[in-house]
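Worksheet: the structure to be examined is printed underneath.
The values are calculated or read from the model by the stated rules, or taken from the named source; none is laboratory data. Here the structure is a predicted model, which means the values were calculated and not measured. A quick note on method: Cβ atoms are made from the backbone with ideal geometry, for glycine too, and the neighbour counts reach across all protein chains shown. Each accessible area value is taken on the protein alone, full model and side chains, heavy atoms only, with ligands, DNA and RNA left out. Shrake-Rupley method; radii C 1.70, N 1.55, O 1.52, S 1.80 Å.
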Amino acid sequence: VTTDREACWLTTESSKPRTEKLLLSLVGDAPMFATIRRLCQNHAAKFFVETAITDRDTGKSNVIIGTWTSLGKESTPNLGSEGYTIFSEEGRLWIVAEEERGLLYGFYHFLKEIQLGTPLLEISAQEKPANVFRMINHWDNMDGSVERGYAGRSLFFEGGSFTKDEDCMRSYAELLSSVGINALTINNVNVHEQESALITNRWLPEVAWLAKLFQEYGLTLFLSINYASPITIGGLDTADPLETSVADWWERQVERIYGSIPSFGGFVVKADSEHRPGPFSYGRTHADGANMLAKALKPYGGHLFWRCFVYDCLQDWRDRSTDRARAAYDHFAPLDGAFADNVILQIKSGPMDFQVREAVSPLIGALKQTKHVIELQITQEYTGQQIDVCYLPPQWKEILDFDTHANGKDTTVADLVSGRANGGFGQGMTAVVNTGRDENWTGHSFAQANLYGYGQLAWNPKRCLHAIAEEWADRTYPYLPKNVRKTIVSIQECSWIVYESYTSPLGIGWMVNPGHHYGPNVNGYEFSPWGTYHFSDRNGLGVDRTRKGSNYVSQYAEPVGSRYENLQTCPDELLLFFHHVPYTHVLTSGKTVIQHIYDSHFDGVEQVKAFIAAWESHKQELPEALYQHVRVKFDAQLANAVEWRDQVNTYYYRMSGIEDKHGRTIYR
Ligand code: GCW
């Protein structure tokens, strides 16, 4: 059961229509006005008794939009090309910006306030985004499948071709730009044969069509490319970055792309990672590989996003000297400063892979002279796959607020990735997105909030989390009674911790079913080549990443490394990420590790039951479709949580032989 496509924060109907008219003047000749006009007709107009739009100030309008120049007004403090100001003057509301994209974001702000019922003349704002890039990555394949997609088929592709559904693309572009996202890739970073051809004449007209459409919403389109393209589509016998023929081939290719897509953003590359080709095959470095491509993009202002997700995925589990967590830093920190200035390294937020809990990547903060962005995962690969509720902004906020001490105390991840703390080397944020062709965009309707929250935090990492959650619920479910929205918000806000509590304990990760990654399998990855182990034995568990172990801790600036090194100061929730300890080890919470495992798993299931009870208590107040949609998901989540609880508890009971203090049911 899905709710209908209309039900998202941007498109819901008003619950209390306003009594005034909207008389909107668009002053100047910004091409963005065509977009704003459409947004106004499709969305804002629903809230007013009558709406009229003029392309000059007739003197009668109550809302006026234009650049400082077109309005002949003296500009306020520099808010950059995407910032805007909203103020009231002489009884009218003004939305003013330096440039077009600022006008678009200003209009979205206005729309939000209108939805929330703010009186027209009380709307006021002065905003500019903290991050240059606020990007999303699709992992979509041209056959229509989506790698790690939990919301149906691809929005862009089907059956080896483009869907080219203009209405759908426009709605999607609105959804993204309404939360400030300004760049996207449309195809999977694992670029297979078909997608390698996206940069050829065969597909460039389609790509150009999409790029132009997205550009109307301030969104720059990028493509993921196959590093071996000179061989697979170019007919060369090498992809060696230092071969002139290779560099020339890319230059011609890029020239052709910009010939049909002047607004093209550039490339995203996954090289030498999980069986993807890369410069290592030719004995070259990642800087050699990236710089060659960046040089081809440079004349057109294009950027090259180069992923740092490089590690040995063919590790021998018997080999205790290799620690996958070290890999990104070990590969890229030594190359700091060796990259061209239009190369942007893309760093996963943690050193492993988007687990429900892991440490923050030590590469963030280690790069002092290389542009970079942080990569998050909105799609819930390891966090419930949009069946289980897992609202991720609290996780992201913790990451963004993390003090790396990279330039002394108070050097947060947010300050680094925004470039504030490193002279502009931080270029912003990107994230693997959770959307698809499901009518509600995200599989679980509540998962829309993850996209919403990502956009909000990418725009302003300091924004209050609670305000974001409430705002999302108020905009998405204006028709629900306030107490129901309150319930939804409180479920969302604790859902990440609940998910953590019934899955793998204390930061260890990876106890999932191999391959698809849903549901428990304690030893699923224990003897695999992926470098993802928990080393449980009859005495204890955890990965020793201290100086006596893999010495991963030394990749952090001090005193962060020492805090993790020391058992007394290592935070409980990351204990097993950094230490191998006995089951009887006492956490700072006062509990033993084994008791914590039992308690959190029993508790996690009870929490999911409490979600269901809360939902049931509102049954009468909920529309049937929404009630059912969420109820069905909750039932599946409960079954999943029970399975996790029982497998993990039984496993550790059998391993340790230690009884649960509270005598609850553990299957023997
Ligand atoms: O998390 C892993 C996923 C892969 C993904 C890879 C990556 C696209 O399981 O599906 O490949 O990360 O980030 O490249």
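Just one of the numbered conditions (1) over 29 Å from Met352 (Cβ atoms); (2) in contact with a Phe, Trp or Tyr (Cβ under 8 Å, 6 or more places away or on another chain); (3) without any contact (Cβ under 8 Å) to a residue 60 or more places away in the chain is not true of Pro277; which one?
Going through (1) over 29 Å from Met352 (Cβ atoms); (2) in contact with a Phe, Trp or Tyr (Cβ under 8 Å, 6 or more places away or on another chain); (3) without any contact (Cβ under 8 Å) to a residue 60 or more places away in the chain one by one, Pro277 breaks only (1).
Here's a check for you: in the range 275-298, which residue that is in a helix (DSSP H, G or I) and hydroxyl-bearing (Ser, Thr, Tyr) is farthest from the ligand (Cβ to nearest atom)? Step through it out loud before you land on a result.
Looking only at the range 275-298, we keep the residues that are in a helix (DSSP H, G or I), and these are 279-282, 286-298.
Retained after the next criterion (residues that are hydroxyl-bearing (Ser, Thr, Tyr)): 281-282.
Working: Ser281: 18, Tyr282: 21 Å.
Across the range 275-298, the extreme among qualifying residues is Tyr282.
Residue-by-condition table, conditions (1) touching a strand residue (DSSP E or B) at 6+ places or on another chain (Cβ under 9 Å); (2) without any contact (Cβ under 8 Å) to a residue 12 or more places away in the chain; (3) within 16 Å of the ligand (Cβ to nearest atom):
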| site | (1), (2), (3) |
| --- | --- |
| Leu176 | yes, no, no |
| Asn182 | yes, no, no |
| Asn188 | yes, no, yes |
| Thr200 | no, no, no |
| Val207 | yes, no, no |
| Glu216 | no, no, no |
| Leu221 | yes, no, no |
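Looking at Ala239, Ala211, can you tell me which residue is within 26 Å of Glu100 (Cα to Cα), open to solvent by less than 20 Å² (accessible area, probe 1.4 Å), small (Gly, Ala, Ser) and at pLDDT 95 or above? Spell out the reasoning first.
Numbers: Ala239 fails: within 26 Å of Glu100 (Cα to Cα).
Unique residue meeting the criteria: Ala211.
Which residue is nearest to the ligand (Cβ to nearest atom), if the candidates are limited to the range 382-403 and must be open to solvent by less than 10 Å² (accessible area, probe 1.4 Å) and part of a loop (DSSP other than H, G, I, E, B)? Show your work before the answer.
If we filter the range 382-403 for residues that are open to solvent by less than 10 Å² (accessible area, probe 1.4 Å), which is where we start, we get 383-384, 386, 388-393, 396, 400.
Checking the rest, the ones that are also part of a loop (DSSP other than H, G, I, E, B) come to 383-384, 386, 388-392.
Numbers: Thr383: 12, Gly384: 15, Gln386: 15, Asp388: 17, Val389: 21, Cys390: 16, Tyr391: 20, Leu392: 15 Å.
It comes out as Thr383.
What pairs can you find where one residue is in the range 364-387 and at pLDDT below 95, the other is in a strand (DSSP E or B) and away from the ligand (no atom under 15 Å from the Cβ), and their Cβ atoms are less than 7 Å apart, with a gap of 6+ or different chains?
Close Cβ pairs (under 7 Å, with a partner that is in a strand (DSSP E or B) and away from the ligand (no atom under 15 Å from the Cβ)) do not exist here.
I need every pair where a residue in the range 590-601 that is over 15 Å from Met655 (Cα atoms) has its Cβ under 8 Å from the Cβ of a residue that is of a type in the set (S, T, N, Q) and part of a helix (DSSP H, G or I), sequence separation at least 6 or different chains.
Ser600/Ser501; His601/Ser501; His601/Asn649
Looking at (1) within 31 Å of the chain's Cα centre (by Cα); (2) without any contact (Cβ under 8 Å) to a residue 40 or more places away in the chain; (3) open to solvent by 40 Å² or more (accessible area, probe 1.4 Å), which is the only condition Pro31 fails?
So the condition that Pro31 fails would be (2).
Being part of a loop (DSSP other than H, G, I, E, B) and touching an Asp or Glu at 6+ places or on another chain (Cβ under 9 Å): is that true of Ala414 here?
No: the conditions fail for Ala414.
Those residues that are open to solvent by 30 Å² or more (accessible area, probe 1.4 Å) and part of a loop (DSSP other than H, G, I, E, B), I need them from the range 34-61; list them, please.
Val49, Asp55, Arg56, Asp57, Thr58, Gly59, Lys60
Scan the range 654-668 for residues that are in a helix (DSSP H, G or I) and touching a residue at least 24 places away in the same chain (Cβ under 8 Å) and jot them down. Give the steps one after another, and end with the answer.
Initial filter on the range 654-668 (in a helix (DSSP H, G or I)): 654-656.
Across the range 654-668, the qualifying residues are Met655, Ser656.
Residues are listed down the side, and each one gets a yes or a no for (1) modelled with pLDDT under 95; (2) assigned by TED's automatic domain parsing to the domain that holds Ala636; (3) within 16 Å of the ligand (Cβ to nearest atom):
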| residue | (1), (2), (3) |
| --- | --- |
| Asn513 | no, yes, yes |
| Glu526 | no, yes, no |
| Gly531 | no, yes, yes |
| His534 | no, yes, no |
| Asp537 | no, yes, no |
| Asn551 | no, no, no |
| Tyr556 | no, no, no |
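So which residues in the range 315-338 are touching a helix residue (DSSP H, G or I) at 6+ places or on another chain (Cβ under 6 Å) and either under 30 Å from Pro393 (Cβ atoms) or within 15 Å of the ligand (Cβ to nearest atom) (or both), if there are any at all? Full working, then the answer.
Our first condition is that a residue be touching a helix residue (DSSP H, G or I) at 6+ places or on another chain (Cβ under 6 Å); within the range 315-338, this holds for 323, 325-326, 329, 335, 338.
Selection gives Asp323, Ala325, Arg326, Tyr329.
Give the range 149-166 a look and list any residue that's more than 16 Å from the ligand (Cβ to nearest atom) and not in a loop (DSSP other than H, G, I, E, B), or say none.
Glu158, Ser161, Phe162, Glu166
Out of all the residues in the range 356-366, is one or more closer than 20 Å to Asn434 by Cα, part of a loop (DSSP other than H, G, I, E, B) and within 16 Å of the ligand (Cβ to nearest atom)?
Quick first cut of the range 356-366, residues closer than 20 Å to Asn434 by Cα only: 356-357.
Narrowing the set further to residues that are part of a loop (DSSP other than H, G, I, E, B) leaves 356-357.
Still in the running and within 16 Å of the ligand (Cβ to nearest atom): 356-357.
Yes, the range 356-366 contains a residue that is closer than 20 Å to Asn434 by Cα, part of a loop (DSSP other than H, G, I, E, B) and within 16 Å of the ligand (Cβ to nearest atom).
Answer yes if at least one residue in the range 233-253 is within 22 Å of the chain's Cα centre (by Cα) and not assigned by TED's automatic domain parsing to the domain that holds Gly531, and no otherwise. Even if it seems obvious, please write down each step before you answer.
Restricting attention to the range 233-253, the residues satisfying the condition of being within 22 Å of the chain's Cα centre (by Cα) are none.
No, the range 233-253 has no match at all.
Results for (1) in a loop (DSSP other than H, G, I, E, B); (2) open to solvent by 10 Å² or more (accessible area, probe 1.4 Å), shown as yes or no for each residue.
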position: Gly423; (1), (2): yes, yes
position: Gln427; (1), (2): no, yes
position: Ala431; (1), (2): no, no
position: Thr442; (1), (2): yes, no
position: Phe446; (1), (2): no, no
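Can you pull out every residue in the range 175-191 that is open to solvent by 10 Å² or more (accessible area, probe 1.4 Å) and either part of a helix (DSSP H, G or I) or modelled with pLDDT under 95 (or both)?
Correct list: Ser178 only.
Find all pairs meeting these conditions: Cβ atoms under 6 angstrom apart; at least six residues apart or on different chains; first residue within the range 476-502 and of a type in the set (Lys, Arg); second residue part of a helix (DSSP H, G or I).
Filtered contacts from the range 476-502: Arg485/Ala473.
So which of Asp312, Asp341, Asp353, Asp272 ends up being modelled with pLDDT under 95, assigned to a loop (DSSP other than H, G, I, E, B) and either within 16 Å of the ligand (Cβ to nearest atom) or under 25 Å from the mean Cα position of the chain (by Cα) (or both)? Give the steps one after another, and end with the answer.
On the way: Asp341 fails: modelled with pLDDT under 95; Asp353 fails: modelled with pLDDT under 95; Asp272 fails: modelled with pLDDT under 95.
Result: Asp312 is the single residue among Asp312, Asp341, Asp353, Asp272 that is modelled with pLDDT under 95, assigned to a loop (DSSP other than H, G, I, E, B) and either within 16 Å of the ligand (Cβ to nearest atom) or under 25 Å from the mean Cα position of the chain (by Cα) (or both).
If you scan the range 473-488, which residues turn out to be open to solvent by 10 Å² or more (accessible area, probe 1.4 Å) and among the β-branched types (Val, Ile, Thr)?
Once the filter is applied, which keeps residues that are open to solvent by 10 Å² or more (accessible area, probe 1.4 Å) and among the β-branched types (Val, Ile, Thr), the range 473-488 yields only Thr487.
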